[in-house]
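*Asks:* Can you keep this structure in mind? I'll have questions shortly.
The values are calculated or read from the model by the stated rules, or taken from the named source; none is laboratory data. Note that the structure is predicted; figures quoted are calculated from it, not measured. In this analysis, Cβ positions are derived from the backbone assuming ideal geometry, glycine residues included, and neighbour counts consider all displayed protein chains. For accessibility, only protein heavy atoms count, side chains too; no ligands or nucleic acids. Shrake-Rupley method; radii C 1.70, N 1.55, O 1.52, S 1.80 Å.
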Amino acid sequence: TLSENTPINTPGFAPDGRPYAGWPVRALGFFLDFLPALILTMIAQMFFYSSTTVVTRSFGDGPQYQVFETQGPGFMFYLLYLIAIGYWFWNKGFLEGTTGKSLAKRFLGYSTYDEATNQPLGVGLGMLRALLVYLELILIALCGLGLILWFWPLWDAKRQAILSDRTVRAVVFKD
């Protein structure tokens, strides 16, 4: 917390003196929250994306030959992706939206609150924030814009992510 001599608008601190969570702990929290979904999608990609079988064919009474037949993603592929997406929105949308803490935030000791009310975001804004965080992840994978979004809390006075946090008026505090 701040001392009594610290100005109210000190970067990295809320007006009431509570410190905002810094980028390193938030990045670690994101990774820990995303890890189960990442593992599920990796399993889906490695084992269930497509299957190849060798089939023996012949032309009537003529010679036989073998071909490879490839099938696209099967049921397990889609099921694992559905579970991964469900987990993400349950953890980052519902759980964090209702309690202020995802599973990783519980472990690391920080919380997400509505900037105006100092309460958890609620399910609706929590789900929107989870969707925007997922969009930020896609933008990181696709282009350099995602990196700006990822590193934005490093220089932001409230340590907010420019897309997900600012859109839903979320701030993240150390407990």
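*Asks:* Of all residues in the range 16-53, how many are out of contact with any Lys or Arg (no Cβ under 8 Å at 6 or more places or on another chain), modelled with pLDDT of 75 or more and not small (G, A, S)?
*Replies:* To start, the set of residues in the range 16-53 that are out of contact with any Lys or Arg (no Cβ under 8 Å at 6 or more places or on another chain) comprises 16-17, 24, 27-28, 30-32, 34-53.
Among the residues that remain, those that are also modelled with pLDDT of 75 or more are: 16-17, 24, 27-28, 30-32, 34-48.
From what's left, not small (G, A, S): 16, 24, 28, 30-32, 34-36, 38-43, 45-48.
The qualifying residues number 19.
*Asks:* Right, next: Pairs please, first residue from the range 145-164 and under 11 Å from A21 (Cα atoms) and in contact (Cβ under 8 Å) with a residue 60 or more places away in the chain, second anywhere and in a helix (DSSP H, G or I) and open to solvent by less than 50 Å² (accessible area, probe 1.4 Å), Cβ atoms under 6 Å, 6+ apart in sequence or on different chains.
*Replies:* Filtered contacts from the range 145-164: R159/P153.
*Asks:* Taking I83 and the conditions (1) farther than 30 Å from D175 by Cβ; (2) open to solvent by 70 Å² or more (accessible area, probe 1.4 Å); (3) assigned to a helix (DSSP H, G or I), which numbered condition does it fall short on, given that it satisfies the others?
*Replies:* (1)
*Asks:* Report, by residue number, each residue of the range 136-161 that is buried (at least 16 other Cβ atoms within 10 Å of the Cβ) and part of a loop (DSSP other than H, G, I, E, B).
*Replies:* Correct list: D156, K158, R159, Q160, A161.
*Asks:* So for the range 154-164 (the condition being closer than 30 Å to T53 by Cβ, among the hydroxyl-bearing types (S, T, Y) and modelled with pLDDT under 95), does at least one residue qualify? Explain how you work it out, then say what you get.
*Replies:* Within the range 154-164, the subset closer than 30 Å to T53 by Cβ is none.
No, the range 154-164 has no match at all.
*Asks:* Taking the options K105, K101, name whichever one is part of a loop (DSSP other than H, G, I, E, B) and either under 29 Å from A170 (Cβ atoms) or open to solvent by 50 Å² or more (accessible area, probe 1.4 Å) (or both).
*Replies:* Criteria check complete, one pass: K101.
*Asks:* Looking at the range 124-135 only, could you name the residues that are surrounded by 14 or more Cβ atoms within 10 Å (Cβ to Cβ) and either out of contact with any strand residue (DSSP E or B) (no Cβ under 9 Å at 6 or more places or on another chain) or at pLDDT below 95 (or both)?
*Replies:* M127, L128, A130, L131, L132, V133, Y134, L135, listed by residue number.
*Asks:* If I filter the range 54-80 down to residues being touching a strand residue (DSSP E or B) at 6+ places or on another chain (Cβ under 8 Å) and open to solvent by less than 70 Å² (accessible area, probe 1.4 Å), which single residue comes out as modelled with the highest pLDDT? Spell out how you get there, then give the answer.
*Replies:* Quick first cut of the range 54-80, residues touching a strand residue (DSSP E or B) at 6+ places or on another chain (Cβ under 8 Å) only: 54-58, 64-71, 74.
Keeping just the survivors that are open to solvent by less than 70 Å² (accessible area, probe 1.4 Å) gives 55, 58, 67, 74.
Details: V55: 72, S58: 72, V67: 69, G74: 81.
Looking at residues that are touching a strand residue (DSSP E or B) at 6+ places or on another chain (Cβ under 8 Å) and open to solvent by less than 70 Å² (accessible area, probe 1.4 Å), I get G74.
*Asks:* Can you name the number of the only condition in (1) open to solvent by 50 Å² or more (accessible area, probe 1.4 Å); (2) touching a residue at least 24 places away in the same chain (Cβ under 8 Å) that P120 fails?
*Replies:* Of everything listed in (1) open to solvent by 50 Å² or more (accessible area, probe 1.4 Å); (2) touching a residue at least 24 places away in the same chain (Cβ under 8 Å), P120 misses just condition (1).
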